[in-house]
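The values are calculated or read from the model by the stated rules, or taken from the named source; none is laboratory data. Note that the structure is predicted; figures quoted are calculated from it, not measured. Note that we place each Cβ from the backbone using ideal geometry, even for glycine, and neighbour counts take in every protein chain shown.
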Amino acid sequence: MLSTELSSGPTLLRFPPHYVIDLSSGELLRKGEKVDELQDLPFRLLVLLVQRAGELVTRPELKNGLWPDDTFGGFEDGLNTAIRKIRIALSDSADNPTYIETIPRKGYRFKMRLAPPAAQRKMLAVLPFENLGGGPEEYLSDGIWGEMINILGTLAPQELGVIARSTMRKYRNTDKTIAEIGSELGVGYVLEGSVQRVGDRVRISASLVQVSDQTPLWAKPYDRLLTDPLAVQPEVATKIADSLAVELLPERRRPAVEPNSAAYDCYLRGRFFWNKRKEGDLKKAIEYFNRAINEQPGYAQAYAGLADCYAMLAWNTMLPPGASLPKARAAAEKALQLDERLAEAHTSLAFCRLFHDWDWQAAERGFQHAIELNPSYGVARPWYAFQLSAMGRHLEAVDEARRALRLDPFSLAIGASAALVFSLAGNHDEAVEQCLKTLEMNPTGFYQTHFVLGACYEVKGMFEEAVEALREAVKLSEGNPHMLAALGYALARSGRTEDASDIAQELKDRATQSYVPPYNIAMVYAGLARKDDAFEWMERAFEERSIWMIFLNVHPMFDDLRPDSRFKLLVERMKIPHPAA
């Protein structure tokens, strides 16, 4: 018989992104549902490894703990079978493991960090801020409320849990009491607030209430000039969060450097321009982040902002990856030297490891760690979803994209990113629907939404609609080469080969004067079915490590090239994990 002794500790063991081991029932749960693939010995083996997360568990320890002398069957075969079943249950890979790492000839290590027991975390709900003016300032109350949830989520996610914004929306204008809301959500604290504009000033009030006895623990008003609403939102939200930290997290580690007002103002303006995502705006954001660093050396968030800007310049094909991503990496590493728990910097560093290094394992660890540090940081999830898509793990990718949408449903960038993930997973109708929702919020604010929409229409055989959407993407992006290449591909697929050939030539001519990724030229030739030309430019894209190369194995535009031995060799050289992994 197998030993029934398990290490003492909590009855629920949680690990990202959505697994729970219930020791009392002997079940592994994924999103609350039992994983039927894991029973008996594999389950017990997983428990042993998880309870010693981060440690090497040697083969002799496993044999002594789970294979007593009277066990029927060989230890080696039994161990290998149990490990294989665990990996199947967790959708893990032996070659590129997320959870179970093999230490050759020694044993195994569970790589993922455990989440603390829920009972150890304080839980907070932030009610939608009330717009007392009742006028057009609702955007301001919504903005401050959203900033509150985002910033509070970064304080100490292991000690303070914050209910997601999507859940809290139903409590807008609610008649329910604090006690009723607290009971429904299982939280110990509720933050409520209001926004009122009078002339050119705005008063923002907030109060923290303890659910158990409805005792007000803290309350404070903030009066501000409303010259720059986009700056008021994060400023006040940050000040409220800092005050709440004193009440809820008295032991919270303070940042190494508190920014002065001038540095903080520059940082906020940098983030404002970063969110616009056009080349001129990104370069202006870099100027503001550098000003913030000059004002306050050691300002970690400003370095993280720099990293984000250089990452975006590469992603949007505005600079060669070799010119931008080393700068992104250096800024992210500097930010982490100053504050190792900064989720933004971990995300940017993982971005570099994925898109420039093609280090799939390190990148995934980085994205997961960023999400662990701040589950409310919506930017990390789309990038992680892109990696999962590129590796063919589409169910996980779609799940991450939907989580990002729930965190920030009004983000144009997240909306477009989620649509791309849906499309790569083959959910083209859902991708189109998401694009149309995003465009409804701002038809001209984010050209990449038109790009994804056009790509979806093209896959669906709706060539006129595809060309129309992609022409709009080219126009709004001011001729971005990736948008132009996507248009050329769609024209080629629709039979307008002469127009597509003209675009291929235009891209090659532009490449002599400014940066054009060789991947973009390969796109058009793939649409034209000129395989030799496509592979010539894909080889150049490989040498340059063009940003979009990570999607080589899953993007439908290369379906006709995929059987070619040259394509398979490219995938092997990039060490793209097999989709089954």
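Here are some notes:
- Any hit, the range 352-372, residues being among the polar types (S, T, N, Q), more than 22 Å from D92 (Cβ to Cβ) and either surrounded by 23 or more Cβ atoms within 10 Å (Cβ to Cβ) or over 11 Å from the mean Cα position of the chain (by Cα) (or both): no
- The residue of the range 383-393 that is farthest from the chain's Cα centre (by Cα), among those that are part of a helix (DSSP H, G or I) and either surrounded by fewer than 24 Cβ atoms within 10 Å (Cβ to Cβ) or of a type in the set (F, W, Y) (or both), is L388.
- Filter result for I550 (touching a residue at least 60 places away in the same chain (Cβ under 8 Å) and assigned to a helix (DSSP H, G or I)): yes
- Considering the range 394-410, and only residues there that are charged (D, E, K, R) and either part of a helix (DSSP H, G or I) or more than 22 Å from T438 (Cα to Cα) (or both), the residue that is modelled with the lowest pLDDT turns out to be R406.
- Filtering the range 506-523 to residues that are touching a helix residue (DSSP H, G or I) at 6+ places or on another chain (Cβ under 9 Å) and assigned to a helix (DSSP H, G or I) leaves E506, L507, K508, R510, A511, P518, Y519, N520, I521, A522, M523.
- Among (1) of a type in the set (S, T, N, Q); (2) modelled with pLDDT under 70; (3) surrounded by 14 or more Cβ atoms within 10 Å (Cβ to Cβ), the one test that N290 misses: (2)
- Residue in the range 210-228 that is at pLDDT below 80 and closer than 30 Å to T449 by Cα present: yes
- Search result, residues across the range 442-474 that are under 24 Å from P320 (Cβ atoms) and of a type outside the set (V, I, T): F446, Y447, Q448, F451, A455, L470, A473
- As a summary of the residue check, G426 satisfies the conditions (1) touching a helix residue (DSSP H, G or I) at 6+ places or on another chain (Cβ under 8 Å); (2) in contact (Cβ under 8 Å) with a residue 24 or more places away in the chain; (3) at negative phi except for the one numbered (3).
- Condition met for V571 (among the β-branched types (V, I, T) and surrounded by fewer than 19 Cβ atoms within 10 Å (Cβ to Cβ)): yes
- Checking the range 497-509 against the condition returns no match, with no residue being at pLDDT 95 or above and closer than 23 Å to V421 by Cα.
A quick yes/no check of all residues on (1) under 16 Å from H356 (Cβ atoms); (2) buried (at least 18 other Cβ atoms within 10 Å of the Cβ):
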site	(1), (2)
G527	no, yes
D532	no, no
F535	no, yes
L552	yes, yes
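- Residue in the range 37-55 that is of a type in the set (V, I, T) and at pLDDT 80 or above present: yes
- Hits in the range 336-368 - residues which are part of a helix (DSSP H, G or I) and in contact (Cβ under 8 Å) with a residue 60 or more places away in the chain: L338, A343, L354, F355, W360, Q361, E364, R365, Q368
- If you go through the range 513-542 and pick out every residue that is among the basic types (K, R) and without any contact (Cβ under 8 Å) to a residue 12 or more places away in the chain, you end up with 1.
- Scanning the range 460-505 for residues that are surrounded by fewer than 19 Cβ atoms within 10 Å (Cβ to Cβ) and either among the β-branched types (V, I, T) or not in a helix (DSSP H, G or I) (or both) yields K460, G461, M462, E478, G479, S494, G495, R496, T497.
- Residues that are in a helix (DSSP H, G or I), surrounded by 15 or more Cβ atoms within 10 Å (Cβ to Cβ) and at pLDDT 85 or above, drawn from the range 57-95: R59, L79, A82, I83, K85, I86, R87, A89
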